[in-house]
1. Specify the residue that is nearest to Gln63 (Cα to Cα); the eligible residues are those in region 4-45 that are among the hydrophobic types (A, V, I, L, M, F, W, C), surrounded by 17 or more Cβ atoms within 10 Å (Cβ to Cβ) and within 12 Å of the chain's Cα centre (by Cα).
2. Take the residues in region 46-63 that are within 21 Å of Gly25 (Cβ to Cβ) and modelled with pLDDT under 90; name whichever of them is surrounded by the most Cβ atoms within 10 Å (Cβ to Cβ).
3. Name every residue in region 1-37 that is touching a helix residue (DSSP H, G or I) at 6+ places or on another chain (Cβ under 6 Å) and of a type in the set (Asp, Glu), in order of residue number.
4. Do we find that Leu76 is in contact with a helix residue (DSSP H, G or I) (Cβ under 9 Å, 6 or more places away or on another chain), part of a helix (DSSP H, G or I) and touching a residue at least 60 places away in the same chain (Cβ under 8 Å) in this structure?
Amino acid sequence: MSIEAKVKSILQKALDIKPGEIVPGAKLDESLGIDSTEMVEISVAIKKEFGIPLKDNELKKSQSLVEIVKLLESKLETADEDSGSCGPSRGCGH
């Protein structure tokens with residue numbers, strides 16, 4: 001399942017909406033009426049689903065599904081680079 005599909009699923013569950021109601025480029029607060037409490041719930045669900053740290057306000061800065069996906073891709077890419085590299089400080093012997 002793609003990052004976008006996972007985020008859409010989280011939004012659907014948190015907001016009890018249909019998939020077609022989520023428009024990738026639309027501002028979530030305007031198009032879906034997301035309030036701050038719902039955004040916290042979505043943030044917690046995203047943290048659990050992807051296993052990445054998010055600061056409290058990072059998702060609030062993301063205005064659309066596309067922006068959330070880009071943020072998560074960036075975070076996941078950074079996490080992969082951090083865990084996937086093998087250097088002297090990691091003690092892997094290469």
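The values are calculated or read from the model by the stated rules, or taken from the named source; none is laboratory data. Keep in mind that what you see is a predicted model, and the values were worked out from it rather than measured. Neighbour counts are summed over all protein chains in view; Cβ atoms, including those assigned to glycine, are modelled from backbone coordinates with ideal geometry.
1. Among those that are among the hydrophobic types (A, V, I, L, M, F, W, C), surrounded by 17 or more Cβ atoms within 10 Å (Cβ to Cβ) and within 12 Å of the chain's Cα centre (by Cα), it is Met39.
2. First, the residues of region 46-63 that are within 21 Å of Gly25 (Cβ to Cβ): 46, 58-63.
If we keep only those that are modelled with pLDDT under 90 as well, we get 58-63.
Values: Glu58: 15, Leu59: 22, Lys60: 14, Lys61: 10, Ser62: 20, Gln63: 15.
Here the residue is Leu59.
3. Passing the criteria: only Glu4.
4. yes
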